[in-house]
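These notes are about the structure you will find just below.
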Amino acid sequence: MAQFMVQNKLSAADVEAGVENLSFPKSVIEFVQGYLGEPYGGFSEPLRTKMLKGLPTVKGRPGATMAPLDFAAIKSKLSEEHGPRITEYDVLSYAMYPKVTEDFLFFRNKYGPVDKLDTRIFLTGPKVGEEFEVQIEKGKTLHIKTLA
């Protein structure tokens, strides 16, 4: 919500005055619906009601009504789709953020273990003639020099 307000140069008064005409991002709507729980002191009314425009809200703890999660089934599904190197972190990430995790696993399968690269190298690529090191595991470091 704060990012939305800053990005759109809105004050709290601007949001309250124009709530019916603002297009809030999905993340803000889901927060106000209660999918992340309820903040201390609750949500501001009637702002919440106006923002939701009749959408349902979650009462109580969001996970209280969820069915138990089968982590073994998630690991099996991910292993079938992305290969056998699925970690506990991948399974837990998928449980919390399925779409983001799927996108990440497809990316990792396509480009390899880019988490081993320095952030600048990953984001901008190495410069021509640049030398850099990549530690692929403890005791194994690649020394790379780009030629083109």
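What follows draws every value from the coordinates through simple rules; no lab data is involved. Just so we're clear, the structure is a prediction, and the values are computed from it rather than from any experiment. Neighbour counts run over all protein chains shown; Cβ positions are idealised from the backbone, glycine included.
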- Query: Gain in length, residue 76 to residue 136, computed as 0.36 nm per residue apart minus the alpha-carbon separation, to one decimal in nm?
  - Reply: 19.0 nm
- Note on the structure: Within the chain, excluding any trypsin sites (Lys or Arg not before Pro) found in a DSSP loop (not H, G, I, E or B) and having at most 14 other Cβ atoms within 10 Å, the longest uninterrupted segment runs 10-52
- Work out the count of Lys pairs in the chain where the Cα-Cα distance is under 19 Å, with the pair 8 or more places apart or on different chains. 15
- Query: Which distance in Å, rounded to a whole number, links the C-alpha centroids of segment 76-148 and segment 1-56?
  - Reply: 36 Å
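Stretched out fully, how many nm does the piece from residue 12 to residue 57 gain, at 0.36 nm a residue minus the Cα gap?
Answer, rounded to one decimal: 14.0 nm.
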- Item | In Hz, Karplus ³J(HN,Hα) per residue of segment 120-135 (6.51, -1.76, 1.60; θ = phi - 60°; x = Gly, Pro) | 4, 4, 5, 6, 10, x, x, 7, 4, x, 6, 9, 8, 10, 10, 8
- Item | Calculated FRET efficiency for the pair residue 102/residue 122, C-beta based, R₀ 22 Å, to 0.05 | 0.65
